[in-house]
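Enquirer: Got a structure for you, questions after.
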Amino acid sequence: MTLTTFIAWICAAITFGTIIMFGSVGEILTEKSGNLNLGVPGIMYLGAIASLAGAFFYENGNPAPVPWVGAFISLVCALVASLLGGLIYSFLTVTLRANQNVTGLTLTIFGGGVANFFGGSLVKLSGGVGQISVGTTSSAVRAQIPFLSTALGPISTLLFSYGFLAYLAVVIALIAHWVLNKTRVGLNLRAVGENPATADAAGINVTKYKYVTTCIGAMIEGLGGMYYVMDYVKGTWDAGGGLEALGWLAVALVIFTSWKPKNAIWGAYLFGFCYWIYLYIPSSLSAALAKMLGAANVTHMQNLYRMIPYIVTIIVLIIVSKRKRRENQNPASLGISYFREER
Amino acid sequence: MNESIAVRMDGITKRFGSVIANDRVSMDIRYSEILSILGENGSGKTTLMNMLAGIYYPDEGFLYVNGKEVTITSPHDAFELGIGMIHQHFKLIDVFTAAENIILGMKGEKRTYNIDEVNQKVKEICDRYGFDIDPKMKVYEMSVAQKQTLEIVKILYRGANILILDEPTAVLTPQETEKLFNILRQMRKDGKAIVLITHKLNEVLELSDRVTILRKGQYITTIPTPVANEQILTEAMVGEKVTLDIERPDPVNPQKRLSVKHLTVVNQERIKALDDVSFDVYSGEILGVAGISGCGQKELLEAIAGLQNIESGGSVEYYDKDGNTKELVGVSPREIRNYGVHLSFVPEDRLGMGLVGSMGMTENMMLKDYDKGRSPFLNRSESSKLADEIKSELDVVTPSIDTPVRKLSGGNVQKVLVGREIAAEPAILMTAYAVRGLDINKSYTIYNLLNEQKKKGVAVIYVGEDLDVLMALSDRILVLCAGHVNGVLDARTASKEEIGLRMTNLVKEEA
């Protein structure tokens, strides 16, 4: 394998990882407040379709769309739509105390349905399959850092060849880590997720924390959807359910990181690296493996490679459960609604 | 005037749905004084104090703190007024350190906090009152007594002058209780107002200056402790005359029923929960099991009932009435039950083991005999007859035998649980914490039930928390200390101090 292919592999891993990093950092925050939001894929869908629709109508309505304006509109739309998703979830589970699992799963179905419905409409409006494109906005979202992205050769490609959202994801993960571990707000938030009755008795507004964190988490997840549409598939609509699969991977990543946003950075890239193995693995190695396993065709191996991220998750889960350190477990009251006067 | 009034409550009423928890209660709390609030379970002691702590909000009435009328709508308001409450179930986050728990929810000048500064301040408070707490220790590594100390430090750190303790001694050994009382006396000297919610009469008499008594949500009276005694307090609390002595008939014709030898149980954390435990159980006697919580009591009973994996080398032999022996290790729990070995375990949440909360009494009865009869369909009539019997004989308060047991009060749930096991006419009856959280009257009902069984020749194993009761009820007391049998004492001659000492220190081996 040449250096160039290896760098291309890592770049692909980082692009892929960015999507699930948004998803899992958002979900880590949400789960730290004790809300198990299984609506991550749905919320990412909402963010994705809103960002696409915003950009589409802006570009169609303007003869000469300004790239950064398009990107800005797209960003705002993604944030607002995913915020709405977070609000729906919070209202149902915190205020009405609905079952969190059911609410989350329903939100996933809802988000996917809404997104694919309007995605289909947008495709129709733009004249048919493969026609929809918001090239101007997408190019602004994907714009690389001038100078730095070329000046240092392979290092530039490795570090500086991504759109701004890829860096934003890392920054958000680091901020989330700082907030959770160094600030009073973070301490209070962790308490809410561990034991809301205790947090309540300590004078913390449990409802407010749950609402705000879930909504902020949802907005971060929505950014993942936007990144998927604008960068990963370059401003088109993918009705194939690829985003939903990534959404679930983001949920798996939350467990993989043992609820630590810092770990989500390298964890997401590792998942991306594993995900792309099937494209970048040297064909000689693949052929040898195929022979060893008795596979008739080398391409059959690809299906096996695609399982790797999930296998890694399972292995990590086993290791974590063996270690049993209390700090690495999920927030103790995850998935349980809190009602103060229950007795 | 150092006995100035800290809190005045005037006509406080609180309802939960149609249930009135507090009915127009008026009382006051003074500085430099320890006030006991005494009442049976469900008399509204904790609810009343929760309204001071901001957990609940009163439906009617007025609150005055330091002479000013106040509304307390959240725990935060309570802190601002210098009121701190230590709840019966500790309000601590297990994965946080002591210091993190202490500053939880506090507002600071900065968004971030410096944990070293907090650690320093915590140390200062500990030194002043003589607490022994490491601020960097995680709560899940602490003993119950340490957790309680942490709760007190937490409240002092926030500058509370009015401290409310909800049944603080329920989980402590006699030695730890004495230590806590000394701390409370020290704080009284400091001018703080201290409220002790309890239903233990001896504590009231030993510690407090005044006693306020609640019954069924209503304020009954306040008595200065010097003029009170157990009889007066009990009658005010229960509203009728009661006899306080637990009867203890002598065992008649005791025969060996159970012989436990070299029993070792390893728990999930790979720690020996029971280590080489050996003892015998006789018919017609009550064997009390004493020990601080989590010392292997649960594992011991479960091992006998066949619910625990036993390390090789251990044996539990059952002797039936004709002197035949049966090895119980390796036998399924159902078969052990069929031999007549019955377990009624009352866990902390009362329902967890033994009863299904969303089922009614009838269905809970059926859990144990669903396999009787040959029809593939369930036979409800037998079970509902039994449920009716238990309801009337044990005076279970429930709208109907089909009301989900989760909706019954704690005492009634326990009666159902114990009643079901007794109805099966056991040869060996094991109960753990059968009176957990019950008030005096209902506790006596349970003691009488156990005594009746004893008289019938049943071997009763009674795991209890209250040493006074254990000593009054049992014939022999087995003391468990960290999974070891630390002596089997004659309950008629043993002293409370000796039992307490054996609960905390291994007498036979290290010491």
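Enquirer: What helices (runs of 4 or more DSSP H) completely inside region A:276-343 contain at least 1 residues that are exposed (fewer than 14 other Cβ atoms within 10 Å of the Cβ) and within 14 Å of chain B (Cβ to nearest Cβ)?
Expert: The qualifying helices (runs of 4 or more DSSP H) are A:308-323.
Enquirer: Counting residues that are touching a residue at least 12 places away in the same chain (Cβ under 8 Å) and closer than 20 Å to A:V171 by Cβ, which helices (runs of 4 or more DSSP H) fully inside region A:18-130 reach at least 1?
Expert: Qualifying helices (runs of 4 or more DSSP H): A:40-61, A:67-90.
Enquirer: Right, something else. For region B:124-146, how many residues meet the condition of being surrounded by 19 or more Cβ atoms within 10 Å (Cβ to Cβ) and touching a Phe, Trp or Tyr at 6+ places or on another chain (Cβ under 7 Å)?
Expert: Qualifying residue count for the region: 1.
Enquirer: Looking at region B:184-193, can you tell me whether even one residue there is crowded, with 19+ Cβ neighbours inside 10 Å, within 21 Å of B:M471 (Cβ to Cβ) and not β-branched (V, I, T)?
Expert: No, region B:184-193 has no match at all.
Enquirer: Can you find a residue that is over 16 Å from the mean Cα position of the chain (by Cα), part of a helix (DSSP H, G or I) and either surrounded by 20 or more Cβ atoms within 10 Å (Cβ to Cβ) or without any contact (Cβ under 8 Å) to a residue 24 or more places away in the chain (or both) anywhere in region A:247-254? Working first, answer last.
Expert: First, the residues of region A:247-254 that are over 16 Å from the mean Cα position of the chain (by Cα): none.
For region A:247-254, residues over 16 Å from the mean Cα position of the chain (by Cα), part of a helix (DSSP H, G or I) and either surrounded by 20 or more Cβ atoms within 10 Å (Cβ to Cβ) or without any contact (Cβ under 8 Å) to a residue 24 or more places away in the chain (or both): absent.
Enquirer: Need at least 1 residues that are away from chain B (no Cβ under 11 Å), open to solvent by 30 Å² or more (accessible area, probe 1.4 Å) and in contact (Cβ under 8 Å) with a residue 40 or more places away in the chain per element, so show me which helices (runs of 4 or more DSSP H) inside region A:144-238 make the cut, counting only ones lying wholly within it. It would help to see each step written out before you state the result.
Expert: Numbers: elements: A:148-151, A:154-160, A:164-182, A:184-194, A:196-201, A:206-227.
Per the criteria, A:154-160, A:164-182, A:206-227.
Enquirer: If we keep just the residues of region B:54-74 that are open to solvent by 10 Å² or more (accessible area, probe 1.4 Å) and touching a helix residue (DSSP H, G or I) at 6+ places or on another chain (Cβ under 6 Å), which is farthest from the other protein chains (Cβ to nearest Cβ)?
Expert: Once the filter is applied, the top-ranked residue is B:P58.
Enquirer: Also: Conditions: (1) farther than 23 Å from B:D28 by Cα; (2) modelled with pLDDT of 85 or more; (3) β-branched (V, I, T). B:I197 meets all but one. Number of the miss?
Expert: Here B:I197 clears every test but (1).
Enquirer: For B:M430, are the conditions met, namely being modelled with pLDDT of 85 or more, surrounded by 19 or more Cβ atoms within 10 Å (Cβ to Cβ) and part of a helix (DSSP H, G or I)?
Expert: On the way: modelled with pLDDT of 85 or more: yes; surrounded by 19 or more Cβ atoms within 10 Å (Cβ to Cβ): yes; part of a helix (DSSP H, G or I): no.
Spelling it out, it is not the case that B:M430 is modelled with pLDDT of 85 or more, surrounded by 19 or more Cβ atoms within 10 Å (Cβ to Cβ) and part of a helix (DSSP H, G or I).
Enquirer: Let me ask something additional. Just a yes or no: is a residue in region B:201-210 in a loop (DSSP other than H, G, I, E, B), touching a strand residue (DSSP E or B) at 6+ places or on another chain (Cβ under 9 Å), in the same structural domain as B:D28 (by TED's automatic domain parsing) and closer than 30 Å to A:H177 by Cβ?
Expert: Within region B:201-210, not a single residue is in a loop (DSSP other than H, G, I, E, B), touching a strand residue (DSSP E or B) at 6+ places or on another chain (Cβ under 9 Å), in the same structural domain as B:D28 (by TED's automatic domain parsing) and closer than 30 Å to A:H177 by Cβ.
Enquirer: What is the residue count in region B:107-123 for residues that are within 11 Å of chain A (Cβ to nearest Cβ) and hydrophobic (A, V, I, L, M, F, W, C)? First the steps, then the outcome.
Expert: Here is the first cut: in region B:107-123, the residues within 11 Å of chain A (Cβ to nearest Cβ) are B:107-115, B:118.
Filter again for hydrophobic (A, V, I, L, M, F, W, C), leaving B:115, B:118.
So the answer is 2.
Enquirer: I'd like to check which strands (runs of 3 or more DSSP E) are fully inside region B:1-71 and have at least 3 residues that are touching a residue at least 24 places away in the same chain (Cβ under 8 Å). Please lay out each step first, then the result.
Expert: Values: elements: B:5-16, B:19-30, B:33-38, B:60-65, B:68-70.
Ranges flagged: B:5-16, B:19-30, B:33-38, B:60-65.
Enquirer: Quick one: in region B:87-106, of everything that is modelled with pLDDT of 90 or more and more than 10 Å from every other protein chain (Cβ to nearest Cβ), which residue is surrounded by the fewest Cβ atoms within 10 Å (Cβ to Cβ)?
Expert: In this case the residue turns out to be B:T97.
The values are calculated or read from the model by the stated rules, or taken from the named source; none is laboratory data. None of the values given here were measured: they were computed from a predicted structure. Note that each Cβ is placed from the backbone with ideal geometry, even for glycine, and that neighbours are counted across all protein chains shown. With ligands, DNA and RNA removed, areas are computed over all heavy atoms of the protein, side chains included. Shrake-Rupley method; radii C 1.70, N 1.55, O 1.52, S 1.80 Å.
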